[in-house]
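The values are calculated or read from the model by the stated rules, or taken from the named source; none is laboratory data. All values derive from a computational prediction rather than experimental measurement. Neighbour counts are summed over all protein chains in view; Cβ atoms, including those assigned to glycine, are modelled from backbone coordinates with ideal geometry. Ligands, DNA and RNA are stripped out before the accessible areas are found, and what is left, the full protein with its side chains, is counted by its heavy atoms. Shrake-Rupley method; radii C 1.70, N 1.55, O 1.52, S 1.80 Å.
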Amino acid sequence: QVQLVESGGGLVQPGGSLRLSCAASRNIFSFYNMGWYRQAPGKQREWVADVTSGGSTNYADSVKGRFTISRDNAKNTVDLQMHSLKPEDTAVYYCNGRNLINDFSIWGQGTQVTVSS
């Protein structure tokens with residue numbers, strides 16, 4: 001019943017910035033840990049960042065210092081602010097939520113991020 005929808009993807013030049021947003025169809029963030037994953041063509045899906053229901057954040061080494069994850073429980077959104085983008089960041093980015101009650105995960109449909117000159 002709960003759906004996640006990503007937005008904000010697009011084409012940017014190396015060194016540019018982009019802000020992704022994930023919106024939940026219902027007020028769920030009080031009992032969900034939220035995260036971002038990405039998958040490049042021919043690659044495995046990899047974890048990028050997450051933020052717990054309590055607000056603690058974690059980042060993959062490849063994006064530390066460049067990406068910032070944040071959540072707004074009142075608006076049922078989680079954002080990923082990306083700076084200093086590199087061609088290696090090109091991928092489909094997926095929003096993920098893990099239910100703290102039953103450990104079930106939900107996924108958004110993905111949004112394309114392309115970093116190219």
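Quick notes
- Criterion (within 15 Å of residue 109 (Cα to Cα), in contact (Cβ under 8 Å) with a residue 24 or more places away in the chain and loosely packed, with under 13 Cβ neighbours inside 10 Å) met by exactly one of 13, 1: 1
- Pair list, Cβ < 9 Å and 6+ apart or interchain, from segment 20-36 residues that are part of a loop (DSSP other than H, G, I, E, B) to residues that are of a type in the set (A, V, I, L, M) and crowded, with 20+ Cβ neighbours inside 10 Å: 25/4
- Test set (1) open to solvent by less than 10 Å² (accessible area, probe 1.4 Å); (2) part of a helix (DSSP H, G or I) - residue 80 fails condition number: (2)
- Number of positions in segment 99-117 that are in a loop (DSSP other than H, G, I, E, B) and under 15 Å from residue 20 (Cα atoms): 3
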